[in-house]
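Okay, structure first, notes after.
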Amino acid sequence: MIRVDGTGKSNSLIQVRGLDKTYRRGGEEIQVLQRLNLDVDKGDFVAFMGPSGSGKTTLLNLLGGLDVPTHGSITVAGDEITHMSGNKLTQWRARHVGFIFQMYNLLPVLTAFQNVELPLLLTKLSKSDRRKHVETALGVVGLADRMNHYPRQLSGGQEQRVAIARAIVADPTFLLCDEPTGDLDRKSADEIMELIHRLVTEHGKTVLMVTHDPVVATRADTTLHLEKGVLVEGKTSHESVMAGGAA
Amino acid sequence: MAIPLIYNIRSVKARWTSTIVAVAGIAGTVGVFIAMLSLARGFRATLVSSGSADNALITRAGATSEMTSGVSLDSVKIIQDAPGIARGANGPLLTPEAVLMAPIPLRSTGTDANVELRGVSPNVFAIRRNIKIIEGRMFQPGLSELVVGKNAMATYSGLTLGSTIGLGSARWQVVGIFDAGGSAFDSEVWGDAHLLNGAYNRPDTLSQSVTVHLASPAALQQLKDSLTADPRLNVDVTREIDYYSKQSTRMTMLITRLGGFVALIMAIGAVFGALNTMYSAVAERGREIATMRALGFGAAAVVISFLIEALLISFVGGGLGCLAVLPLNGLTTSTMNFQTFSSLAFAFKITPELLVKGIFFALTMGLIGGLLPAVRAASGPVASALREL
């Protein structure tokens, strides 16, 4: 159950309380997030929408431990991450977060197999176990036959599927998707969203996704809108589509 | 676990055009570094190989070289009866020697250069046993005949077998060519000591040095004790190999320091080349680095990865530098021997140890050039870099 009023149960998988994020730009303070609350349970699929500059990506970076809030707390599976040191946060990311980026962010000099294997290099798995995991992940995204291809030899949709395999291969606690279909045509975007949806429904993954696209947002269980630095509940994903896009 | 090495290898390969600047800079620097050191090694090896552990050189006490030494005929007579000197069928194996300089035109330029003339005893080959006549024959005592070292023959005009040359007040015929195994003697011209002294109006009763063949290498101390304790003598006794080793020190140091200075200046340039290459690598791969950091690779892993990449580039540069100078090995050149003011031919001597030093030098340049860019790679903001195009 996703809540944004700060009254969620204490054992929520992700619990955000009173989150503030302020940037300084040329002596001016820009408050992007203000007293933001959020509760996400295991297996939830939530989409964040909002106009450009509303703080969607900032929120995603904070949830993924890539940035630190000005105030407030983020607790994931019982771990309060906002006060972790840089090294500890890096280790936490490796264990708990699977990232899916708009531009896929695959390493161009590595094959699909090697890209997917990267997160496993941070585990204690043996080489043969790593191979099994990578083959499984690539099988889930339907690219078992492309594992020796380099990113430049794949289509955009295939690249994003490799990125998804990389995100799920180490079985993270949750997936963070930043405009996962933003660089794809409609057909490829639909395939990617179908895949992410399957990860939630069939594999029980928890997914938090930022998107501009209301059609994409309909695949989420809940769509939250970022308005003036806070999350607003109320519109379902379907209503967003009918309203014609971002708030 | 670290970022896989294959990432660095393939990245270097993919960016070979910008990598080539750093590789070329490091290769050039390592090439000069090894060439200079091999020059110093060659010079030292040439002089050191001139000496033998079985021989002792006797000079006037306090003399720093044969050129500043003088041993009288009376002293020679005392020396030849001293213990520790090997004896042959014709008596003690010793050669009182006169060392002179003569200007002879170089084959290459036609300009005069000093050649070391050595007046020796006819039994000199029994004392310096690693030297052999390879063409012609030994000079006959009492005749104006010369035997010429093979490098001297190749370097100077008029020293081929059978030719005659005017030296001092006499004309001399070249009757033999000798091979001294690449030592300094190969650059010398030898003749009868009495006749050479006469041709240059020098007293026949004075030699510059006396070289003796020891009864055994261990007999040096016995000879030394005997000669230095004798109140009629004022001499230093040195094992021949130590004498030549000491003679090489000044020039070797000069070449090494000069070469080191040149290599250092070039190294500074090469380090900037490596810095430039690595900074551009970091700048071009900002999003890749941020992605790896987002995936959970720590700052240390990124620093190590980029340092390895810099070391990889410098290793390739170092290897190419080594390969580039290898053809110099054995190539003969000549320089002034400041101890005798004569021209000395010697060969570049590139040893495996020098090549290893060259590689380490290259890796040091890579390490210095890679460190700052590697730290920058690890310290950049991850969140914004992830969205870089």
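Every number here is computed from the coordinates shown, using simple stated rules; none is lab data. In this text, all values refer to a predicted model and were calculated from it rather than measured experimentally. So basically every Cβ, Gly included, is an ideal-geometry build from the backbone, and we count neighbours across all protein chains shown.
On the principal axes of its Cα set, how long, how wide and how thick is chain B? Give whole Å, largest value first.
Projected onto its principal axes, the Cα set of chain B covers 93, 47, 29 Å.
With a sphere of radius 15 Å drawn around the Cβ of A:E191, what net charge do the other residues whose Cβ falls strictly inside it have (Lys, Arg +1; Asp, Glu -1)?
Around A:E191, the charge tally is 0.
As a quick test, which of the pairs A:K21/A:K88; A:K42/A:K88; A:K88/A:K124; A:K42/A:K127 have an alpha carbon distance above 26 angstrom in this structure?
Long pairs (Cα-Cα over 26 Å): A:K42/A:K127.
Dipole of region B:62-233 (Lys/Arg Cβ +1, Asp/Glu Cβ -1, origin at the Cα centre): which of B:G110, B:S144, B:A229 lies farthest to the positive side?
B:S144
Which of A:S52, A:G182, A:G64 sits farthest toward the positive end of the charge dipole of chain A, with +1 on the Cβ of Lys and Arg and -1 on the Cβ of Asp and Glu?
A:G64
Could you give each residue of region A:34-47 its phi-based ³J(HN,Hα) in whole Hz, using Karplus coefficients 6.51, -1.76, 1.60 with θ = phi - 60°, and x for Gly or Pro?
10, 6, 7, 10, 7, 10, 10, 9, 4, x, 6, 10, 10, 10
Quote the charge dipole size of region B:199-262 about the Cα centre in Debye, to the nearest 20; the model charges only the Cβ of Lys and Arg (+1) and of Asp and Glu (-1).
Dipole magnitude for region B:199-262 comes out near 280 debye.
What whole-number distance in Å separates the alpha-carbon centres of region A:153-226 and region B:275-290?
Spelled out, the Cα-based centre of one part sits 29 Å from the other.
Under the definition of partner shielding as Cβ atoms of other protein chains within 10 Å of a residue Cβ, what is the mean value for peptide A:56-62?
Details: counts 0, 4, 1, 0, 1, 7, 1.
Per residue, the average neighbour count from other chains is 2.
Mind listing the long-range amide H neighbours of A:E227? Cut-off is under 5 Å, sequence gap 5 or more, other chains count too, H placed in the peptide plane at 1.01 Å from N.
HN-HN under 5 Å from A:E227: A:V232.
About the Cα centre, and with charges only on the beta carbon of Lys, Arg (+1) and Asp, Glu (-1), how big is the dipole of the protein assembly as shown? Nearest 20 debye, please.
Its charge dipole is roughly 340 debye.
For region B:92-106, take each phi angle, set θ = phi - 60°, evaluate the Karplus expression 6.51 cos²θ - 1.76 cosθ + 1.60, and give the result in whole Hz per residue in order, putting x for glycine and proline.
Listing the rounded values in order: x, 8, 8, 10, x, 10, 10, 10, 10, 10, 9, x, 10, x, 6 Hz.
Under 18 Å Cα to Cα from A:K132, which aspartates and glutamates show up? Leave out anything in the same chain fewer than 8 places away.
Candidates past the 8-residue exclusion: A:E117, A:D145, A:D171.
Can you give the Kirkwood hydrodynamic radius for the protein assembly as shown, in Å, rounded to one decimal and based on Cα pairs?
Evaluated over the protein assembly as shown, this radius sits at 31.0 Å.
Loop by DSSP (not H, G, I, E, B), at most 16 other beta-carbon atoms within 10 Å: where is the longest site-free stretch of chain A for trypsin sites (Lys or Arg not before Pro)?
It runs A:125-227.
How large is the dipole of chain A about the Cα centre if only Lys and Arg carry +1 and Asp and Glu carry -1, each at its Cβ, rounded to the nearest 20 debye?
640
Residue by residue through region A:138-149, what is 3J(HN,Hα) from phi via Karplus (6.51 cos²θ - 1.76 cosθ + 1.60, θ = phi - 60°)? Round to whole Hz and write x for glycine and proline.
Per residue, the Karplus-derived 3J(HN,Hα) values read 5, x, 4, 8, x, 10, 4, 8, 10, 5, 9, 7 Hz.
Can you pull the percent of Cα pairs in region B:1-139 with separation above 21 Å?
Counting every Cα pair in region B:1-139, those more than 21 Å apart make up 68 percent.
In region B:62-233, with Lys and Arg counted as +1 and Asp and Glu as -1 at Cβ, which of these residues, B:W172, B:M67, B:L100, has the Cα nearest the positive end of the dipole, that is, farthest along it?
Among B:W172, B:M67, B:L100, the one farthest towards the positive end of the dipole of region B:62-233 is B:W172.
Under a 5 Å amide H to amide H cut-off, with H placed in plane at 1.01 Å, what residues pair with B:A347 once short-range neighbours are removed?
HN-HN under 5 Å from B:A347: B:T333.
What average number of partner chain Cβ atoms lie no more than 10 Å from the Cβ of the residues making up A:104-113?
Working: counts 1, 10, 2, 11, 5, 12, 6, 2, 0, 0.
The mean count of partner-chain Cβ atoms within 10 Å per residue comes to 5.
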